[in-house]
Amino acid sequence: MIENNAEPNIAKDWMIKRGVKLEEIAELVMLLQKPYHDDLSLERCLHNIDRVISKREVQNAILTGIQLDILAEKGLLEQPLQEFIKTDESLYGVDEILAFSIVNVYGSIGFTNFGYIDKIKPGVLNRLNNKETGEVHTFLDDIVGAIAAAASSRLAHRYEETE
Ligand code: MG
């Protein structure tokens, strides 16, 4: 898989513009991995997030998801998609499927992590799920969870290699 460092990371900029701080994703990684690694630092979590979002397939998923969130927020999608995404219709499911393409990047242990944080929705995920703001984050909440899950998997693999 190609890690493209040379180009500016527009996907990362979009995520930040939509109100997600990388430190908040790092806190999710911390939550997932701290039980296994006592010495884990926030910097190490941030580094792994950085590696995950430097991958082109991850950037493509971020750009696609955020674009659909923005269009739904502005009411610019055709029906029935407009309503599905605007209301975060639970049977829609394509938001999760798009997020799986991120989780998948570092192998299958990411899926367990993704399922876990999607269920308890800590920190930033709880905020993105607040339906009373008028903002639409139907895709972004799954994307953020997926980045945290993938970064956790990457981090776990690296620990295994160095121990
Ligand atoms: Mg969602």
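The values are calculated or read from the model by the stated rules, or taken from the named source; none is laboratory data. Everything numeric in this text was worked out from a predicted model, so none of it was measured. Here Cβ is always computed from backbone atoms with ideal geometry, including for glycine, and neighbour counts include all displayed protein chains. What goes into the accessible areas is simple: the full protein's heavy atoms, side chains included, and nothing from ligands, DNA or RNA. Shrake-Rupley method; radii C 1.70, N 1.55, O 1.52, S 1.80 Å.
Out of all the residues in the stretch 58-77, is one or more more than 19 Å from residue 20 (Cα to Cα) and within 16 Å of the ligand (Cβ to nearest atom)?
yes
Hey, can you tell me all the residues within the stretch 137-163 that are away from the ligand (no atom under 15 Å from the Cβ) and either touching a residue at least 24 places away in the same chain (Cβ under 8 Å) or surrounded by 16 or more Cβ atoms within 10 Å (Cβ to Cβ) (or both)? Break it down into steps so the answer makes sense when it comes.
Keep residues of the stretch 137-163 that are away from the ligand (no atom under 15 Å from the Cβ), which gives 150-163.
Within the stretch 137-163, 150, 151, 152, 153, 154, 155, 156, 157, 158, 159 qualify.
Looking at (1) open to solvent by less than 10 Å² (accessible area, probe 1.4 Å); (2) within 10 Å of the ligand (Cβ to nearest atom), which one does residue 93 not meet, given that it meets all the others?
(1)
Of the numbered conditions (1) at pLDDT below 95; (2) near the ligand (Cβ under 10 Å from one of its atoms), residue 88 satisfies every one except a single condition; which is it?
Just one mismatch for residue 88, condition (1).
Check whether at least one residue in the stretch 68-89 is under 20 Å from residue 153 (Cβ atoms), in contact (Cβ under 8 Å) with a residue 40 or more places away in the chain and of a type in the set (A, V, I, L, M), and report yes or no.
Scanning the stretch 68-89 turns up no residue that is under 20 Å from residue 153 (Cβ atoms), in contact (Cβ under 8 Å) with a residue 40 or more places away in the chain and of a type in the set (A, V, I, L, M).
Checking residue 107 against (1) surrounded by 14 or more Cβ atoms within 10 Å (Cβ to Cβ); (2) closer than 13 Å to residue 153 by Cβ, which test does it fail?
Exception for residue 107: condition (1).
Please specify each residue of the stretch 107-118 satisfying the condition of being out of contact with any Leu (no Cβ under 9 Å at 6 or more places or on another chain) and within 13 Å of the ligand (Cβ to nearest atom).
Matches in the stretch 107-118: 114 only.
Could you grab me the full set of residues in the stretch 120-136 that are away from the ligand (no atom under 11 Å from the Cβ), under 18 Å from residue 83 (Cα atoms) and surrounded by 15 or more Cβ atoms within 10 Å (Cβ to Cβ)?
135
Just to confirm my filter: which helices (runs of 4 or more DSSP H) fall fully inside the stretch 21-99 and include at least 2 residues that are small (Gly, Ala, Ser), in contact with a strand residue (DSSP E or B) (Cβ under 9 Å, 6 or more places away or on another chain) and closer than 21 Å to residue 110 by Cα?
Details: elements: 22-33, 42-52, 56-73, 81-86.
Here the list is empty.
Consider the stretch 41-65. How many of its residues are open to solvent by less than 10 Å² (accessible area, probe 1.4 Å) and over 14 Å from the mean Cα position of the chain (by Cα)?
0
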